[in-house]
1. Largest first, please: the extent of the C-alpha atoms of region 52-100 along each principal axis, to the nearest Å.
2. Sequence-distant or interchain residues sharing an amide H contact under 5 Å with Val71, placed H: which?
3. Listed here are the pairs Lys67/Lys111; Lys67/Lys96; Lys43/Lys109; Lys86/Lys109; Lys43/Lys93; Lys69/Lys93; which of them are more than 21 Å apart at the Cα?
4. Hey, got the Cα dimensions of region 32-71 along the principal axes, in Å, largest first?
5. When the Kirkwood hydrodynamic radius is evaluated over all pairs of different C-alpha atoms of region 38-127, what value in angstrom, to one decimal, is obtained?
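Each reported figure results from applying straightforward, stated rules to the coordinates on display, with no laboratory input. In this text the structure is predicted, and so the values were computed from the model without any measurement.
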Amino acid sequence: NHSIVRLQLGGQSYSELLTADTSSLYPKFSTLETTLALLVDGKSPTEIAEIRGLTLGTIISHLEEAKEKGVNIDIKPYLPKGPLLKAIQKALKASKNALKPAYVELAEKGKNVDYETIRLVRLGVEK
């Protein structure tokens, strides 16, 4: 397993570099590395999507890819809290982590939860 280390380049955090004209000063990073660096910098998945001009679904895909590669990521601060989290976890367990059945089960119980939130919870509970 790999661990994420706070990325510092030239004394600046990675998110600060994204707003500066650094194309000739710093190496290019993969889109996955960029997402992970911003997450380590304390940005939420939603903030990362806004900063990068990407959809939240794309950012979650990056996080899923990182987890598949063995990168330890902490998304717990960005998960829903309390009963909603428990309801999503229960629906995911019943559906064996399949998104659509979990979504349908939640909708049938009057829980209006989008796929991205379910994916984040799945990412937080999968081993």
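1. 31, 22, 20
2. His2
3. On the way: Lys67/Lys111 27 Å; Lys67/Lys96 18 Å; Lys43/Lys109 32 Å; Lys86/Lys109 13 Å; Lys43/Lys93 28 Å; Lys69/Lys93 23 Å.
Exceeds cut-off: Lys67/Lys111; Lys43/Lys109; Lys43/Lys93; Lys69/Lys93.
4. Principal-axis extents of the Cα atoms in region 32-71, largest first: 25, 20, 13 Å.
5. On the way: mean 1/r = 0.0742 Å⁻¹.
The answer is 13.5 Å.
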